[in-house]
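Scroll down for the structure; my scribbles are underneath it.
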Amino acid sequence: MDRKRAMEAVKQFLEAVGEDPSREGLKDTPRRVADMYAELLSGMGRTAEEELSKTFLCEGGDIVIERDIPFSSMCEHHLMPFFGRMAVAYIPDKRVVGLSKLARCVDVCAARLQLQERLTEQVASAIMSYLAPKGVLVWCEAEHTCMTCRGVKKQGSKTVTFVTKGDFPEDKRAQALAIIR
Ligand code: ZN
C-alpha cells in the first residue's frame, strides 16, 4: 500500500467533509487511518498457500469441521466493516491441515476489499487448491455495518452465504450444516 498517498487522501477527505485536519484531534488521523487500512487490507496480493500447504497424513477421516471462526472484513462497496463467524468443513483425501491454519486462511482472505459472497468463495477455493480435500463446505454469517449503521438501519440482521466445492455428498452437507449453525 502507498501509505503516503493514503494519508494525503484521508486528509483531503477530512477537508471535503468540512473538517480542519490540522486541529488537535485530527492531526494524526491520516496516519492512523493509513496504518489501519494497511493492516485491514494485508491479505491483498497474498494467498493462503503458505498456511494450507503444511499437511499431515491422516487415513480414514470422515468430515473435519472448524466452526465459529470469528472474522472481520471490509465491504468494497462502502469501505465499512462486516464481521461475523465462518465455518469450514472438509472431507479429507488422506491429508489434513492444522486447525489453526483454517482460521489463518480465513484471515488472509478477509483482509481484502470484499463482498461476503466472494470471501466465502475464496476461502473454499483456497482450501480446494492448497489442501486438496475430496470436498469442502464454507459457511459464513455476517453483520454488515453498511446496512446496520446507515441506509435501512436493520440492526442485528445477518447475511448467510455458503459454498461447497468438490465432492460433498448431500447427506454429509446436511450433517455439516446442522453442526455449523
Ligand atoms: Zn456495504
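Points to keep in mind about this one:
- Search result, residues across the stretch 47-89 that are among the aromatic types (Phe, Trp, Tyr) and either in contact with a Ser or Thr (Cβ under 7 Å, 6 or more places away or on another chain) or closer than 15 Å to residue 180 by Cβ (or both): 71, 82, 83
- Only one entry in 50, 15, 8 is within 21 Å of residue 125 (Cα to Cα), in a helix (DSSP H, G or I) and open to solvent by 30 Å² or more (accessible area, probe 1.4 Å), namely 50.
- Residue in the stretch 18-47 that is surrounded by the fewest Cβ atoms within 10 Å (Cβ to Cβ), counting only those that are under 30 Å from residue 98 (Cβ atoms) and polar (S, T, N, Q): 42
- Considering 76, 170, the condition of being without any contact (Cβ under 8 Å) to a residue 12 or more places away in the chain and acidic (Asp, Glu) is satisfied by 170 alone.
Rundown of residues vs (1) open to solvent by 80 Å² or more (accessible area, probe 1.4 Å); (2) at positive phi, yes/no style:
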site: 130; (1), (2): no, no
site: 133; (1), (2): no, no
site: 136; (1), (2): no, no
site: 139; (1), (2): no, no
site: 151; (1), (2): no, yes
site: 162; (1), (2): yes, no
site: 169; (1), (2): no, no
site: 175; (1), (2): yes, no
site: 181; (1), (2): yes, no
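- Residue check, residue 164 in contact with a Leu (Cβ under 7 Å, 6 or more places away or on another chain), at pLDDT 95 or above and not hydrophobic (A, V, I, L, M, F, W, C): yes
- Tabulated pairs, the stretch 117-130, first without any contact (Cβ under 8 Å) to a residue 24 or more places away in the chain, second surrounded by 17 or more Cβ atoms within 10 Å (Cβ to Cβ), C-beta under 7 angstrom, 6+ apart or interchain: 122/109
- Once the stretch 147-181 is narrowed to residues that are within 16 Å of the chain's Cα centre (by Cα) and more than 29 Å from residue 50 (Cα to Cα), the residue that is nearest to the ligand (Cβ to nearest atom) is 159.
- Residue in the stretch 89-111 that is assigned to a loop (DSSP other than H, G, I, E, B), farther than 26 Å from residue 169 by Cα and open to solvent by 30 Å² or more (accessible area, probe 1.4 Å) present: no
- Considering residues of the stretch 66-86 that are within 8 Å of the ligand (Cβ to nearest atom) and part of a strand (DSSP E or B) only, the residue surrounded by the fewest Cβ atoms within 10 Å (Cβ to Cβ): 80
The values are calculated or read from the model by the stated rules, or taken from the named source; none is laboratory data. These figures come from a predicted structure and were not determined experimentally. Every residue, glycine as well, gets a Cβ built from its backbone with ideal geometry; the counts of neighbours run over all protein chains shown. We work out accessible area using only protein heavy atoms, side chains counted, and drop any ligands, DNA or RNA first. Shrake-Rupley method; radii C 1.70, N 1.55, O 1.52, S 1.80 Å.
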